[in-house]
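Engineer: Quick one: the structure is below, and I'll ask about it shortly.
Here, each number is a calculation from the coordinates, and none is a lab measurement. It should be emphasised that the depicted structure is a prediction, and the values quoted were computed from it without experimental measurement. Don't worry about glycine lacking a Cβ; one is built from the backbone with ideal geometry, like all the others, and counts go over all protein chains shown.
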Amino acid sequence: MVAKGKSSNPTWSDVKSAMIELDQKQLLKLVADIYRFSKENKVFLHARFGIGDDPLAPYKKTIEDCMYPDIYKNTPIHISKAKKAISNYSKAVVDPVGVTELTVFFVECGNNFTVSYGDMDEGFYDAINRMYRRAIEKVLSLPKEKQYEFQDRLKDIMTSSSNIGWGYHDVLSFDYHNAFPEEE
């Protein structure tokens, strides 16, 4: 299968036009090749088709590795990679509860890291605070019966951060109590 056309900047339309000519067997071979090409493609397809015991597991592993890295291996924090894991999952499948789980998990990992290892920098706390706000928005968009577990986890994050500086705890507390005023 060799691409036709001479466009120097091919687009999805070019690919789509080429794919329309493929029969089912050729399409399956193409998807198989894409599947084998990278771990990310495998994870995406597993999530898209609900294959495996826990489609969130590889995304959570990435988030945990990025937000709570192994300090003994001198592994750095990778906030953008952790965010990308959430984005990749949301592109693979429409699952508001799964995306909410990943956003809350992101904050839990980052918060647990700073609680365990001490003071971080302003950029780290800003990223955690922004994701905390996003997690609250996600939780509030869920049906009421799905919100409670996440609300408890958000409260645990907020309360466990009470000894952290940079205004980090203050922002978490403000956002939590704004979202869940009945908790006051």
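Engineer: Starting from residues that are touching a residue at least 40 places away in the same chain (Cβ under 8 Å) and small (Gly, Ala, Ser), keep the ones in segment 18-69 and report whichever is farthest from CYS109 (Cα to Cα).
Structural biologist: Restricting to residues being touching a residue at least 40 places away in the same chain (Cβ under 8 Å) and small (Gly, Ala, Ser), the top hit is GLY50.
Engineer: Go through segment 137-182 and give me each residue that's of a type in the set (Lys, Arg) and more than 18 Å from PRO96 (Cα to Cα).
Structural biologist: The one that is of a type in the set (Lys, Arg) and more than 18 Å from PRO96 (Cα to Cα): LYS155.
Engineer: Okay, next question. For a quick check of your reading: which helices (runs of 4 or more DSSP H) sit entirely within segment 87-184 and have at least 2 residues that are under 30 Å from PHE49 (Cβ atoms)?
Structural biologist: In segment 87-184, 96-117, 122-141, 144-160 are the helices (runs of 4 or more DSSP H) which contain 2 or more residues that are under 30 Å from PHE49 (Cβ atoms).
Engineer: In addition: Of the residues in segment 9-42, how many are part of a loop (DSSP other than H, G, I, E, B) and within 18 Å of ALA92 (Cα to Cα)? Working first, answer last.
Structural biologist: Residues of segment 9-42 that are part of a loop (DSSP other than H, G, I, E, B), as a first pass: 9-11, 21-23, 38.
Next, only the ones that are within 18 Å of ALA92 (Cα to Cα) stay: 38.
The total comes to 1.
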